[in-house]
Amino acid sequence: MNLLRRKSATAESVEAAEPAVPAAPTVPASPAVTAGKGRPTPKRREAQGQRRGPVAPPPMTQREAVKRAKQTPDGRKLTKDERRALSAERREKMMRGDDAYVLPRDRGPVRAYVRDVVDSRRNLAGLLLPFAVLSIIVMMLPNLIIRTYGPMVLLVALLAAVVDSALFGRRLARQAQAKFPKGDPSGLSMKGGALGFYGFNRACLPRRMRAPRPRVKAGQAVD
């Protein structure tokens, strides 16, 4: 018991010897200060451009492409009149030969040159379609002489159109390869068979049915 009293007395004397340390004054919290932006407020057009996310990937299916064609870039659904006007605008650009709207087979300066050469020439291949319709009519006629000799005449005309197209296709391929010695910038084939077949397909169609529409007149010289 004496030892406990001595320890408590010693502890009280040590606490009395230590000087009291004053508590730090409490500083009132200052109101929050809003810092300035340091730059002008962006315009609405700039803000919309900044909110744009990554470019959407190309459509994977025909249904997705049709659905995307009915919407604006911001996702707003087009009205029927807007879709009709947009479709007419795209078709007009395609008929003018704009590379961004024509079919992949029609892109590039080489194909445009082939189209101009074909459109400037009166091709016998353009008679193939009328000959096919005429042959059906001849076979339906009751006259025996016409039914006998009519197909023979049509066959001769058909062979003449094929020979003319083959010779013209070879000459056309040589002209295109000479004019574009570095190849087609669009990456399409520059082989004679590919160019000749492309020109033959266009020559078979009447001028009014060709797409893109002809830029030169028949008989006009093409460099």
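The values are calculated or read from the model by the stated rules, or taken from the named source; none is laboratory data. Small disclaimer: the values here were computed from a predicted structure and weren't measured. Positions of Cβ are backbone-derived with ideal geometry, glycine not excepted, and every protein chain shown enters the neighbour counts. Areas reflect the complete protein model, heavy atoms only, side chains present, ligands, DNA and RNA absent. Shrake-Rupley method; radii C 1.70, N 1.55, O 1.52, S 1.80 Å.
For the pair F197 and R105, the difference between a 0.36 nm per residue extended length and the Cα-Cα distance amounts to 32.0 nm. For region 133-223, the dipole from Cβ point charges (+1 on Lys and Arg, -1 on Asp and Glu) about the Cα centre works out to 360 debye, to the nearest 20. Across region 126-134, coupling constants 3J(HN,Hα) worked out from phi with the 6.51/-1.76/1.60 Karplus curve, θ = phi - 60°, read x, 8, 5, 5, x, 5, 5, 5, 5 Hz, and Gly and Pro carry x. Per residue, the accessible area of region 106-223 comes to 62 Å² when a 1.4 Å probe rolls over the protein heavy atoms.
If a paramagnetic tag sat 7 Å from the Cα of R90 along the Cα-Cβ line, which residues of region 180-223 would have the backbone N under 13 Å from that point? Flagged as within label range: none.
Extension gain for Y149 to L78 (0.36 nm times residue separation, less C-alpha to C-alpha distance): 19.7 nm.
Take each peptide in 101-107, 112-118, 78-84, count the other Cβ atoms within 10 Å of every residue, and average; sorted highest first, the result is 112-118, 101-107, 78-84.
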